[in-house]
Protein chains: 2
Amino acid sequence: MIAPVEGGVTAPAGFRAAGVHCGIKKAKLDLALIVPDRAASAAGVFTTNTVQAAPVVVSKDHLARAGGLASAIVVNSGCANACTGPAGLAAARAMAAETARRLGCPAEQVLVASTGVIGVQLDVAKVAAGVGDAAGRLSRNGHDEAALAIMTTDPWPKACAVTVDSSGARFVVGGMAKGSGMIEPNMATMLAFLTTDARVPPPLLARALGEAVADTFNAITVDGECSTNDTVFALAGGASGVEIGEAGYADLVAGLRAVSRELAIGIVRGGEGATKLVTVRVIGAAAAADARQAARTIANSLLVKTAIHGGDPNWGRLVAAAGRAGVAFRPERAAVRVGGIELFRDGAPHDDRAPAAAAHLAGAEIDIEIDLGTGAQHQATVWTCDLSADYVHINADYRT
Amino acid sequence: MIAPVEGGVTAPAGFRAAGVHCGIKKAKLDLALIVPDRAASAAGVFTTNTVQAAPVVVSKDHLARAGGLASAIVVNSGCANACTGPAGLAAARAMAAETARRLGCPAEQVLVASTGVIGVQLDVAKVAAGVGDAAGRLSRNGHDEAALAIMTTDPWPKACAVTVDSSGARFVVGGMAKGSGMIEPNMATMLAFLTTDARVPPPLLARALGEAVADTFNAITVDGECSTNDTVFALAGGASGVEIGEAGYADLVAGLRAVSRELAIGIVRGGEGATKLVTVRVIGAAAAADARQAARTIANSLLVKTAIHGGDPNWGRLVAAAGRAGVAFRPERAAVRVGGIELFRDGAPHDDRAPAAAAHLAGAEIDIEIDLGTGAQHQATVWTCDLSADYVHINADYRT
């Protein structure tokens, strides 16, 4: 049983957080700390981009060297520390070392993440001052400021938490995330940090995080871009006393998934220029990978995203996008539903239903369903947003 | 030796054309005929979309049944005849049959193409009247009206021709095309029609057309979409008396490629909302397919296209797009050049050169070059356009 509760990364027992202004950004909060009371099991999922930012390289190394234990996550916004060469790697290591020094833990037990301008060196002196400031302000109430401190062009902070009842015991999962869009140039970076007071061996936590991320953070798209900095960390501190083995594993995945799903959908809602949350569900696929591929192709189609922005129940664009996804698709047995209204089935349009579908598209939550008509029953869901002229303005009007 | 000459599909000897208004569109020309003086060798390249419009299905069938001979190409705009089921197939066959009846040739020697609204039945009576009208107006001067009659939201007609000197003999290649964008809903369809007065056996023409299309029409992208109707036809009539065998083959490919390249670049220039022509050249790739994949990923990146629209020399977005292309890429040996100005090399930015690159981006013809740094020398070029708010308006503001 999963139930939402107030709070974010400090909702689970045994975690403190802080968000401070260290001067990377002009005036806004730009440095966050998340600290478990004692070394926690830790796991990470990272960008698949060949170009990996320095904090990604350092965090992977630290996770391996510390055997999946972490005593802190330190995050800055305003500077991605990506494409910064050896100096950038040294800066990411210094960021971890300074955090370790302040908290009295080994440097390899510190995980780092950055988001912001690419190709600019991180100001280590500012970060060090910020870490000192944040370490002095750590508290159970610090999660709000931490969630604010990791934002770039996000229109609002994203945090949530749930309780999970597992075989008579209860543990809590919390999280915070920042999404797509930077006021400075460059790519949309996604960062998310999950915490739980369950006690989980590191290998099991890594497996559970991978499962939870697959159909949440890896099932959203704003513009099809994959950043150099994308990172999801999970910490399991154990303060609840609830031990997760193979027995409670499914409950742990469910808790991580519930928080990840809410944060992921929050990222899409807050996508650059987004006015609508679009759920693309593909059914009737010959394989699970086909379903994901088709859903992602539809969700990234500019013609689909602009049609939805314009409120146009344009099933032709949906059929054409599915047709170019490179998966098994039988148009003569396919169906397209917009807000549950069937506009196309078995090769024939039902354009008389277009006004009802247009009424659905006028809302802020759009449901698209495509049956690929293969006869098999594999399915996938991807969340995306519409494409507005504001997206273009946000991403074009900045000049370096 | 290849030299440009005036004209389009009727520039080669032995071809006539016409463009007329048959009433599918309210007032504009909407039906074109291209007719060789006698049955010509014919070849086609078609959309790879799983959803294939009725004219695509019928034309493939006719090419096969007529053994690569064609006596006419008939094209309508304003209605794509796609997703129209058995009735649509019958309409496409009727369009061919009526053309054959007027011209006195077998129906399977007529190739058909359509572009326009999807999911709407083609009005066969209007098409038949238009075919009769066009057949009566066929002339060497009809190429201009033919090029106008195949347009949808294209800002201008696209036609060109070249002479090819081949071992002391001369033949001509001409062509016309329509590009991306429909005033009615739906996808961007690309149609192109090439003609030559060289004499070419059908199998050789098919091979040459495939080669010419690969690095021209298949190397452009406006928005990454692939329509249900995309078609390129080539007709070789033989009126020049120049016989192409294995000997003149390279010259034939060169001629087809020259015309295809000019038409393809014209399509990009006329892309919906486009204000800049962008040439993306990828070098230093480990394989030719890697080079094409990286160039296409960069050319379709919304963050790259909006940065170029905004005149921002944002090498970070270029590096990140290359990094997610799924090909071999060594950032520490890579280079990014904008208008020949090196902004990033061997892992280090040269941001002092950004103003010079910004000056280049202020122009209408943008050159982007990325060296993937693998040490191998494979390369590819893709042409695209910038992404403007007008693209969104064109594709969002229409309501069904």
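The values are calculated or read from the model by the stated rules, or taken from the named source; none is laboratory data. Just so it is clear, the structure is predicted and the values come from calculations on it, not from any experiment. We place every Cβ from the backbone using ideal geometry, glycine too, and count neighbours over all the protein chains shown. Heavy atoms of the whole protein, side chains included, go into the accessibility calculation; ligands, DNA and RNA do not. Shrake-Rupley method; radii C 1.70, N 1.55, O 1.52, S 1.80 Å.
Structure data summary
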{"item": "Order by protection proxy (mean Cβ within 10 Å, highest first), peptides B:277-285, A:323-331, A:20-28, A:73-81", "result": "A:73-81, B:277-285, A:323-331, A:20-28"}
{"item": "The range A:252-354: C-alpha gyration tensor shape, a/c 1.5 cut-off, then a/b vs b/c", "result": "oblate"}
{"item": "Shape category assigned to the range B:31-113 from the gyration tensor of Cα positions, a/c cut at 1.5", "result": "prolate"}
{"item": "Cα-based convex hull volume of the protein assembly as shown per residue, rounded to whole Å³", "result": "149 Å³"}
{"item": "Inter-chain shielding of A:304-311 (mean C-beta neighbours from other protein chains, 10 Å cut-off)", "result": "6"}
{"item": "Minimum Cβ-to-axis distance in chain A for the rotation onto chain B, with residue, whole Å", "result": "A:389, 2"}
{"item": "Tilt relative to chain B, helix B:54-65 - C-alpha long axis, 0 to 90 degrees, to 10", "result": "70 degrees"}
{"item": "Shortest-first nm distances, residue B:250 label point to equivalent points in other copies (7 Å, Cα→Cβ)", "result": "6.8"}
{"item": "Cα gyration tensor category, rounded, prolate or oblate, for chain B with a/c compared to 1.5", "result": "prolate"}
{"item": "The range A:258-400, dipole about Cα centre (Lys/Arg Cβ +1, Asp/Glu Cβ -1), debye to the nearest 20", "result": "340 debye"}
{"item": "Positive minus negative residues near residue A:157 (Lys, Arg vs Asp, Glu; Cβ under 12 Å)", "result": "0"}
{"item": "Partner chain coverage, peptide B:220-229 - average Cβ within 10 angstrom", "result": "4"}
{"item": "Helical mean residue ellipticity (222 nm; -39500 (n - 2.57) per DSSP H run of 4+; nearest 500) of chain A", "result": "-10000 deg cm²/dmol"}
{"item": "Counting DSSP beta bridges with both ends in the range A:58-163, the antiparallel % (nearest 5)", "result": "10 percent"}
{"item": "Share of carbon and sulfur in the accessible heavy-atom surface of the protein assembly as shown [1.4 Å probe, %]", "result": "53 percent"}
{"item": "5 angstrom amide H check on residue B:190, placed H, neighbours 5+ away", "result": "B:227, B:230, B:231"}
{"item": "Neighbourhood charge, 11 Å Cβ-Cβ cut-off, centred on residue A:16 and excluding it, Lys, Arg +1 and Asp, Glu -1", "result": "+1"}
{"item": "Cross-link reach list, lysines versus residue B:126, counting only Cα pairs under 20 Å and skipping chain neighbours closer than eight places", "result": "B:25, B:26, B:28"}
{"item": "Mean separation of Cα contacts under 8 Å, 6 or more apart, over the residue count of chain A: relative contact order %", "result": "18 percent"}
{"item": "Å² per residue, accessible surface of the range B:1-114 at 1.4 Å", "result": "35 Å²"}
{"item": "Using a 7 Å Cα-to-Cβ projection, residue B:4 label spacings across copies, nm, ascending", "result": "6.1"}
{"item": "Whichever lysines have a C-alpha closer than 26 Å to that of residue B:305, once near sequence neighbours (fewer than 8 apart) are set aside", "result": "A:178, A:276, A:305, B:158, B:178, B:276"}
{"item": "Share of alpha-carbon pairs per 10 Å distance bin for the range B:307-400, given as whole %", "result": "15, 43, 28, 11, 3, 0"}
{"item": "Cβ-vector label at 7 Å, residue B:168, separations to other copies in nm", "result": "10.1"}
{"item": "For the range A:259-264, 3J(HN,Hα) per residue [Karplus equation, 6.51 cos²θ - 1.76 cosθ + 1.60, θ = phi - 60°, Hz, x = Gly/Pro]", "result": "5, 4, 5, 5, 5, 5"}
{"item": "Chain B: angle of helix B:288-300 to the longest principal axis, Cα-based, in degrees nearest 10", "result": "90 degrees"}
{"item": "Around residue A:128: net Lys/Arg minus Asp/Glu count, Cβ-Cβ under 12 Å", "result": "0"}
